[in-house]
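Notes to accompany the following structure.
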Amino acid sequence: MPYHLVTNSVAPSQVRETEDAYIIEDVPFVRPMDLAGGYVPEASIAGTVEQWDGVPVTLQHPRNAKGEPIAANRKPELHLGIVENPYYDGEVARAGQVVLRKNRLDAVDGADAVAN
């Protein structure tokens, strides 16, 4: 199935396509903010950014049966790709690249992808 990738956080020039993946460069993904577990401060983001390398990418944040957010590693059926080469730019954590595997995009409901 052919795909047309549309992104909100990056310009189209930051997306390149290979035979089996979309590679999106310089993607912001975490900033100081209130999240499900409480406030995430800048120092915490800056100090742990390397731990995001290889973390799975999902269409939406995975949730348990109660609707509570859980780690993406606990829902491998939702994995679309991975974060590579994360870094902290002084304000937000960024992925050097987000790699989305085309074969995994087939597992996503297209209506959900468009809505998000």
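The values are calculated or read from the model by the stated rules, or taken from the named source; none is laboratory data. What you are looking at is a predicted structure, and each value in this text was computed from that prediction instead of being measured. Here the Cβ is made from the backbone with ideal geometry for all residues, glycine too, and neighbour counts use every protein chain on show. To get the accessible areas, we keep the full protein, side chains included, count just its heavy atoms, and leave off ligands, DNA and RNA. Shrake-Rupley method; radii C 1.70, N 1.55, O 1.52, S 1.80 Å.
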Test: residue in region 22-32 that is more than 18 Å from residue 99 (Cβ to Cβ), at pLDDT below 85, charged (D, E, K, R) and over 16 Å from the mean Cα position of the chain (by Cα): no
Matching entry among 68, 84, 50 (being at pLDDT below 90 and either open to solvent by less than 80 Å² (accessible area, probe 1.4 Å) or over 17 Å from residue 10 (Cα atoms) (or both)): 68
Output for region 36-47, where each listed residue is of a type in the set (A, V, I, L, M) and surrounded by 11 or more Cβ atoms within 10 Å (Cβ to Cβ): 40, 45, 46
Of all residues making up region 10-21, the number that are at pLDDT 85 or above and surrounded by fewer than 16 Cβ atoms within 10 Å (Cβ to Cβ): 6
